[in-house]
Amino acid sequence: MKALIVEDEPRAQRALENLLKANFPDVEVIGRTASVKETVDWLAGNRPDVIFMDVELADGTCFDIFAQTPVEAQVVMTTAYDNYAVKAFEVNSVDYLLKPVDVEELKRAVSRVEQRLATGGPRIDFEAVRETIRPREKFLIRLNDRIVPVNVRDIAYFYSETKSTFIVTRDGKTYVLDDSLDAIESGLDPKAFFRISRGAIIAENVIDSASKLLGGRLRLTLAPGIPAATDLTVSRARADAFLEWLEG
């Protein structure tokens with residue numbers, strides 16, 4: 001069984017590959033990718049039987065991969081969060097494993113892959129993928145006894161701080177959200193918003209400039225009139241993908 005590992009954290013990638021080598025001699029890891037773009041390019045010339053795929057990558061999510069290229073392989077999703085579990089099964093993922101991956105759960109997933117490969121079982125449902133990645137258009141903010149709709153086109157950025165998540169609009173208003181940044185990111189148009197760090201997601205149309213910092217990070221300057229309520233620095237791990245995204 002030929003396998004591709006899609007994982008942007010080197011330690012997690014090595015851990016999963018070691019588990020596969022130690023427990024599944026019939027599984028051969030033939031590729032390793034770390035981003036949406038790299039995975040799409042790799043799949044253009046390779047055909048694995050199974051993909052162990054991290055949900056969240058530096059330049060998007062695995063659902064963005066499904067939207068850009070046909071995926072004939074069986075897919076086992078891995079993630080540090082459980083908020084994508086329903087979506088994983090809605091699109092016919094074989095299994096959904098929380099990191100760090102437990103060997104018994106991995107055995108269950110590999111067994112399911114083998115069964116699907118033997119019987120020609122279902123693969124990724126691309127119609128369901130299109131429904132899954134349909135961009136969100138607004139957020140409903142609860143303010144005491146009122147509900148305030150905020151259109152996504154009016155949002156400058158999202159950020160998390162002290163276990164809370166906030167929206168900052170282009171006109172400087174700040175609202176508190178119940179959703180995590182991970183859940184928010186999965187519903188946004190990846191062409192319009194980018195996760196610049198674990199703590200912030202920014203809209204493309206509010207960025208005035210980006211300047212390089214030591215260590216490979218990027219500091220963002222916003223368009224005039226838009227307040228910076230938090231540190232809007234692009235992390236080193238996401239800087240290259242951010243520049244590609246900004247270039248369009």
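Every condition in (1) in contact (Cβ under 8 Å) with a residue 24 or more places away in the chain; (2) loosely packed, with under 12 Cβ neighbours inside 10 Å; (3) outside any strand (DSSP E or B) holds for Pro224 except the one numbered (1). Just to verify a result, which residue in the range 53-70, among those that are among the β-branched types (Val, Ile, Thr) and surrounded by 22 or more Cβ atoms within 10 Å (Cβ to Cβ), is nearest to Ala12 (Cα to Cα)? Ranking the candidates gives Val55 first. Of the numbered criteria (1) at pLDDT 95 or above; (2) over 17 Å from the mean Cα position of the chain (by Cα), the one Phe158 fails is (2).
Within the range 210-224, can one find any residue that is over 26 Å from Ala34 (Cβ atoms), of a type outside the set (D, E, K, R) and in contact with a Phe, Trp or Tyr (Cβ under 7 Å, 6 or more places away or on another chain)? Scanning the range 210-224 turns up no residue that is over 26 Å from Ala34 (Cβ atoms), of a type outside the set (D, E, K, R) and in contact with a Phe, Trp or Tyr (Cβ under 7 Å, 6 or more places away or on another chain). Does Val50 count as at pLDDT 90 or above, surrounded by 21 or more Cβ atoms within 10 Å (Cβ to Cβ) and in the same structural domain as Asp26 (by TED's automatic domain parsing)? In short, yes.
Report yes if some residue within the range 9-32 is within 17 Å of Asp240 (Cβ to Cβ) and assigned to a helix (DSSP H, G or I); otherwise report no. So far as the range 9-32 goes, yes, one or more of its residues are within 17 Å of Asp240 (Cβ to Cβ) and assigned to a helix (DSSP H, G or I). Here Ser164, Ser180, Ser197, Ser235 are screened, and the one residue that is modelled with pLDDT under 95, small (Gly, Ala, Ser), exposed (fewer than 13 other Cβ atoms within 10 Å of the Cβ) and not assigned by TED's automatic domain parsing to the domain that holds Glu7 is Ser164. Could you tell me whether Arg153 is farther than 16 Å from Asp59 by Cβ, modelled with pLDDT of 90 or more, part of a helix (DSSP H, G or I) and not aliphatic (A, V, I, L, M)? Yes: the conditions hold for Arg153. Taking the criterion of being of a type in the set (Gly, Ala, Ser) and either outside the structural domain of Val29 (by TED's automatic domain parsing) or in a loop (DSSP other than H, G, I, E, B) (or both), the residues of the range 54-76 that qualify are Ala58, Ala73.
Filter the range 31-47 for residues that are surrounded by 15 or more Cβ atoms within 10 Å (Cβ to Cβ) and either under 22 Å from Arg236 (Cα atoms) or of a type outside the set (Phe, Trp, Tyr) (or both) and give the result. So that I can check it myself, show each step before the final result.
We begin by selecting, within the range 31-47, every residue surrounded by 15 or more Cβ atoms within 10 Å (Cβ to Cβ); these are 31-40, 42-43.
Selection gives Gly31, Arg32, Thr33, Ala34, Ser35, Val36, Lys37, Glu38, Thr39, Val40, Leu43.
As for the range 173-189, it holds at least one residue that is touching a residue at least 60 places away in the same chain (Cβ under 8 Å), within 30 Å of Gln68 (Cβ to Cβ) and assigned to a loop (DSSP other than H, G, I, E, B). Within the range 111-127, being modelled with pLDDT under 85, among the hydrophobic types (A, V, I, L, M, F, W, C) and surrounded by fewer than 16 Cβ atoms within 10 Å (Cβ to Cβ) holds for one residue alone: Phe126. Say whether the condition of being crowded, with 19+ Cβ neighbours inside 10 Å and at pLDDT 90 or above is met by at least one residue in the range 99-108. The answer is yes, given that some residue of the range 99-108 is crowded, with 19+ Cβ neighbours inside 10 Å and at pLDDT 90 or above.
Every residue in the range 227-247 that is more than 18 Å from Lys191 (Cβ to Cβ) and in a helix (DSSP H, G or I), please. Within the range 227-247, Arg236, Ala237, Ala239 meet the criteria. Selection of first residues in the range 37-63 that are touching a residue at least 12 places away in the same chain (Cβ under 8 Å) and small (Gly, Ala, Ser) and of second residues that are assigned to a strand (DSSP E or B) and surrounded by 23 or more Cβ atoms within 10 Å (Cβ to Cβ), restricted to Cβ pairs under 9 Å at least 6 apart or on distinct chains, gives the following pairs, ordered by first then second residue: Ala58/Arg195; Gly60/Phe194; Gly60/Arg195.
The values are calculated or read from the model by the stated rules, or taken from the named source; none is laboratory data. The structure displayed is predicted, hence computed values, not measured ones. Positions of Cβ are generated from backbone atoms using ideal geometry, with glycine treated the same way; all protein chains shown enter the neighbour counts.
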